[in-house]
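Engineer: Okay, here's the structure, questions in a sec.
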């Protein structure tokens, strides 16, 4: 979930019976939008049954006036309703039976396909042939809120076979407060040095510093020059959950070039021998190698300049599993009250619940004498 969206405007849903479904509910002036992210196995329909059970048990919370529903993910089903009609190699009897069960579920919950038929979402890793395994379905009243639903081949990550799908909805959510910071990692240091030298050359200087007052005046002048140079040449950036400390300007340029090559390769997908496919493949390999080197170099630079405290932090990095500890997002909490279990949604109520849990009330004062 994007950290730019206030956690007061959404909550996570607890989907029992399957680890392959995650869901959230977004609330705003548009009403209530429930988004299900689904992975459907090739070999069984357990995910579909778990989704059906959840919707049946929570129909009133998900469906109704002013409520919208979105199913998106990897459904692993082939059918002429969404695949190309001419790609009959995909329409085996087993594939058609599996797809029929999904189509029945879509009809039961009155879901409409939002990603147009024939848009391909996967390039097989071995055969390099395209097909449609990923899909987006929504309730009929959600169609009026859809601005765009299409694939973005240029944003396909390296070493992946699935093509990202982007859906843009005409809805407004409450933004989370953000603080702009200076991005020193993406600074053009040659330009920075040129600007700094120009400011230093135009500043008053003292050849001989005599006394504390002159020293403090010189320090203040240098401080102001540095601050003004930083404001002029170090770009501002919004912190987000996708920021990477090891990212460099070279990687940024390679990513933009990779997006261009990916889009070109996708446009010529009907010509398997086109030069653009080899260019894109070679660039993906170089990009992946550069990312590995950038991560290694950043880690080595961190260790070489680490202080005593930072060495303990490095030790925790090594011991703990990989995660995103720098961007915690507190999910929906459940607490026990005299009236029964209750969900805690807002940030203010979450803070109170956590504080009461970690810092319980002081027990009643005992009547035992102090000198006992």
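Engineer: Just one of the numbered conditions (1) on the phi < 0 side of the Ramachandran plot; (2) touching a helix residue (DSSP H, G or I) at 6+ places or on another chain (Cβ under 7 Å); (3) surrounded by fewer than 18 Cβ atoms within 10 Å (Cβ to Cβ) is not true of residue 102; which one?
Structural biologist: Status for residue 102: all satisfied but (3).
Engineer: Answer yes if at least one residue in the range 184-191 is part of a loop (DSSP other than H, G, I, E, B) and in contact with a helix residue (DSSP H, G or I) (Cβ under 8 Å, 6 or more places away or on another chain), and no otherwise.
Structural biologist: Just the residues of the range 184-191 that are part of a loop (DSSP other than H, G, I, E, B), to begin with: 187-188.
The next check asks that each one be in contact with a helix residue (DSSP H, G or I) (Cβ under 8 Å, 6 or more places away or on another chain); those that pass are 187-188.
Yes; the residues of the range 184-191 include at least one that is part of a loop (DSSP other than H, G, I, E, B) and in contact with a helix residue (DSSP H, G or I) (Cβ under 8 Å, 6 or more places away or on another chain).
Engineer: Restricting to the range 120-159, what's the tally of residues that are part of a loop (DSSP other than H, G, I, E, B) and either outside the structural domain of residue 71 (by TED's automatic domain parsing) or surrounded by fewer than 19 Cβ atoms within 10 Å (Cβ to Cβ) (or both)?
Structural biologist: Within the range 120-159, the first condition is being part of a loop (DSSP other than H, G, I, E, B), and the residues that meet it are 120-121, 124-129, 132-133, 152, 156-159.
Now drop any that are not either outside the structural domain of residue 71 (by TED's automatic domain parsing) or surrounded by fewer than 19 Cβ atoms within 10 Å (Cβ to Cβ) (or both), which leaves 124-129, 152, 157-159.
So the count comes out to 10.
Engineer: Failed condition for residue 30, given (1) loosely packed, with under 15 Cβ neighbours inside 10 Å; (2) within 17 Å of residue 138 (Cα to Cα), with all others met?
Structural biologist: Residue 30 satisfies every listed condition except (1).
Engineer: Looking for whichever is modelled with pLDDT under 90, touching a strand residue (DSSP E or B) at 6+ places or on another chain (Cβ under 9 Å), in a loop (DSSP other than H, G, I, E, B) and over 30 Å from residue 281 (Cα atoms) here; the options are 209, 171. Which one fits? If you could, list the steps in order and put the result at the bottom.
Structural biologist: Working: 209 fails: touching a strand residue (DSSP E or B) at 6+ places or on another chain (Cβ under 9 Å).
Every option except 171 fails the conditions.
Engineer: Would you mind finding the one in 73, 66 that is out of contact with any helix residue (DSSP H, G or I) (no Cβ under 6 Å at 6 or more places or on another chain), within 28 Å of residue 27 (Cα to Cα) and surrounded by fewer than 15 Cβ atoms within 10 Å (Cβ to Cβ)? Outline the logic, then answer.
Structural biologist: Working: 73 fails: surrounded by fewer than 15 Cβ atoms within 10 Å (Cβ to Cβ).
On inspection, the qualifying residue turns out to be 66.
Engineer: State all residues of the range 1-15 that are touching a helix residue (DSSP H, G or I) at 6+ places or on another chain (Cβ under 7 Å) and under 16 Å from residue 59 (Cα atoms); if no residue qualifies, say none. I'd like the intermediate steps shown before the answer.
Structural biologist: Just the residues of the range 1-15 that are touching a helix residue (DSSP H, G or I) at 6+ places or on another chain (Cβ under 7 Å), to begin with: 7-8, 15.
15 - this is the single residue of the range 1-15 that is touching a helix residue (DSSP H, G or I) at 6+ places or on another chain (Cβ under 7 Å) and under 16 Å from residue 59 (Cα atoms).
Engineer: Can you tell me which residue among 27, 48 is within 21 Å of residue 333 (Cβ to Cβ), assigned by TED's automatic domain parsing to the domain that holds residue 141 and touching a helix residue (DSSP H, G or I) at 6+ places or on another chain (Cβ under 8 Å)? Give the steps one after another, and end with the answer.
Structural biologist: Values: 48 fails: within 21 Å of residue 333 (Cβ to Cβ).
Answer to the check: 27.
The values are calculated or read from the model by the stated rules, or taken from the named source; none is laboratory data. All values derive from a computational prediction rather than experimental measurement. In this analysis, Cβ positions are derived from the backbone assuming ideal geometry, glycine residues included, and neighbour counts consider all displayed protein chains.
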